[in-house]
């Protein structure tokens, strides 16, 4: 099984990566861990370094850990990009975190998790 895990610096993403590591261990699956960002920053490097360390501690070698960029950051665009990358990599399951934002945040930015859940034909696990 191939598990696709888009990550960011949120607590829900942290929990999603922990869940995906346990899932991959249980099913001897490969992980595709991706951070989607509109710019590579120190935060990007921290997110990826943290993921590499946690995967290494779990004895899991991800197939890839990359940074992909998009032109703008609204969550709906991030969700669409996550779906595109998951399909491109042949993922059979998507695991992602979702922090409940305010109504204003969602109206302006949307929700990457909701975008993925609504549009995906790949099974999705959302970790709160």
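The values are calculated or read from the model by the stated rules, or taken from the named source; none is laboratory data. Because the structure is predicted, anything quoted here is derived from the model rather than measured. FYI the Cβ positions are ideal-geometry reconstructions off the backbone, even for glycines, and counts take in every protein chain you see.
Scanning the stretch 35-60 for residues that are assigned to a loop (DSSP other than H, G, I, E, B) and exposed (fewer than 12 other Cβ atoms within 10 Å of the Cβ) returns 39, 41, 59. In the condition set (1) more than 19 Å from residue 90 (Cβ to Cβ); (2) in contact with a helix residue (DSSP H, G or I) (Cβ under 9 Å, 6 or more places away or on another chain); (3) buried (at least 22 other Cβ atoms within 10 Å of the Cβ), residue 16 is compliant with all but (2). Taking residue 104, is it modelled with pLDDT under 85, outside any loop (DSSP other than H, G, I, E, B) and either farther than 20 Å from residue 14 by Cα or in contact with a strand residue (DSSP E or B) (Cβ under 7 Å, 6 or more places away or on another chain) (or both)? Spelling it out, residue 104 is indeed modelled with pLDDT under 85, outside any loop (DSSP other than H, G, I, E, B) and either farther than 20 Å from residue 14 by Cα or in contact with a strand residue (DSSP E or B) (Cβ under 7 Å, 6 or more places away or on another chain) (or both). Out of 113, 82, 91, 86, one residue alone is modelled with pLDDT of 85 or more, on the phi < 0 side of the Ramachandran plot and outside any helix (DSSP H, G or I). It is 91. Restricting attention to the stretch 19-34, the residues that are part of a strand (DSSP E or B) and buried (at least 22 other Cβ atoms within 10 Å of the Cβ) add up to 4.
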